[in-house]
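So the structure is just underneath, and the comments pick up after that.
Every read-out reported here was derived from the displayed coordinates using simple, explicitly stated rules and does not represent laboratory data. Since this is a predicted model, take the numbers as computed values, not measurements. In this analysis, Cβ positions are derived from the backbone assuming ideal geometry, glycine residues included, and neighbour counts consider all displayed protein chains.
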Ligand SMILES: [Zn+2]
């Protein structure tokens, strides 16, 4: 019997060259029309998509409808596949709506008063979700279920009643931005809709797409008109190990209305098998910090700390992000000013023209800033995920534990401009990005990743497990500050950086989780314990040999300088490659 190798699909977007943009957008427009006809025609048969008659969505669509336009059979397949996938996911959503329907109650709606508009009651919605979660034990879909409840409440606010059935509140989801999935059996070499040839040596992809001309006629000579795409290094690495799948052609619309087409390369990667619970011995816990980007600690199942802690700082990164955000605010203010200037004149007045032009330019600049901001966040997420994995592998951890994204853990918020940005990294965007990237990297590397209950982890002593206070710094122990960076335990005297304490506590939670997993002989479906529970083992120093290093609380003692990142703890250097900087050296100094 052949052993199945687990794989994971990764996707990378490449912007198509300008010379082909017009054609690619025409193709996307033509296929969007067909996709939307299919979706609207089959909308009243949505329930049928709740059962899969075939693994391929296009085959299920073909059983129900004939091609509404003559785009050629292979092209139609791609269109039917796209429409079928949308209908299948809507059918899934409809099933969840049926679950939610009996929970919908008027208590979820806050009636309008003299002082406020009618709105949604977060408390009631949250309680309904908690009840549903108890009965379902499926945390993964809770976010989706919540969005369905929100949608039903919005429907109530508009119509004065809850929807009676799913299609009551959801109309056929026609595509606004186009997307076309190429079929995997329309091979890259002999394809009837696309040709794709990858040259790993030259880091190039030769691509030809069958597109309609300006008159809407499907050109016969499309194969001769191929374009060259350069493969970025990080994609190349994965292409060498994985298998390239059929690509997806997709449209992106900028806020100013500008459109362009990208090609999503999909790479199927082999995955390292994940160890079973009884083979696992150590946990790496990490925490998002106030002073440090990440703090990580490693413990074994008896609560013994196996290494010194790791502190990762990002130097000028916060400042750069803050400056970009301020620039965006500034540009937005300029837009508002120009809009006011423009609106002094009536519609069609030529004097509106200069302001209109300036606004378009400003908007373009805003979206450029956002792109820069977001790509920095993304790159940082890749870097942080790579570092956590290196640390986990180097210290032979099979489980990485991190705080849950659902966390409401609040940290210091200053009113000054500096305070406003102090905790940018705690915003859900960057945490979400890290979690997502870390999840797939862990999956590829064969390491488990498990979220933990964050509440109380930065106000609990990791050594004696009692509640502890935080302070501004070790020199300022006279005043308790809830979001202070320094934790000192009044019971056993343990003191250290608050982030460090939190990473130890999260590692302790991970160890307790792992022990339960070993008892039940499975990793999934295990309750996540809370830090105050008594069975969670305290940290012991046995075998440590050396005293723990604490980070100096002063920001001047940053471990990051000139593009190099240092972590306390070990004796060797590891070079890490990431898109954040071409090669980042982590020196693990002892
Ligand atoms: Zn203590």
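Which order do 269, 258 fall in if you start with the one that has the fewest other Cβ atoms within 10 Å?
Least crowded to most crowded, the residues run 258, 269.
How far is the Cα center of the stretch 64-112 from the Cα center of the stretch 195-239, in Å?
The stretch 64-112 and the stretch 195-239 have Cα centres spaced 32 Å from each other.
Please work out the FRET efficiency for the pair residue 21 and residue 271, using the Cβ-Cβ distance as r and a Förster radius of 41 Å; give the result to the nearest 0.05. Present the calculation step by step, with values, prior to reporting the outcome.
Working: r = 36 Å, r/R0 = 0.87.
Given R0 = 41 Å and the Cβ-Cβ separation, E is 0.70.
Hey, fewest Cβ within 10 Å first, where do 278, 439 land in order?
With the fewest neighbours first, 278, 439 line up as 278, 439.
At 0.36 nm per residue, and after removing the present C-alpha to C-alpha distance, how many nm does the segment from residue 371 to residue 13 gain when stretched out fully?
127.5 nm
For the stretch 259-307, what are the per-bin percents of Cα-Cα distances with bins 10 Å wide, up to the bin holding the maximum?
It works out to 18, 24, 24, 22, 9, 2, in whole percents.
Between residue 225 and residue 360, what is the label-to-label distance in nm when each label sits 7 Å out along the Cα-to-Cβ direction?
Going from the residue 225 label point to the residue 360 one covers 2.6 nm.
For residue 347 and residue 48, what does the FRET efficiency come to when R0 = 56 Å and r is the distance between their Cβ atoms, rounded to the nearest 0.05?
According to the calculation, E is roughly 0.70.
When you count, for each residue, the other Cβ atoms within 10 Å and take the mean per peptide, how do 303-312, 333-342 rank with the highest first?
So the peptides 303-312, 333-342, ranked by packing, come out 303-312, 333-342.
Give me the number: length gained by fully extending residue 174 to residue 213, i.e. 0.36 nm times residue separation minus the C-alpha to C-alpha distance, one decimal in nm.
Working: separation 39, 0.36 × 39 = 14.04 nm, distance 2.43 nm.
My answer for the length gained is 11.6 nm.
How high is the FRET efficiency from residue 281 to residue 131, r the C-beta distance, R0 41 Å, rounded to 0.05?
0.60
Can you sort 34, 298, 276 from fewest to most other Cβ atoms within 10 Å of each residue's own Cβ?
Numbers: 34 21, 298 25, 276 13.
Placing the least packed residue first, the sequence is 276, 34, 298.
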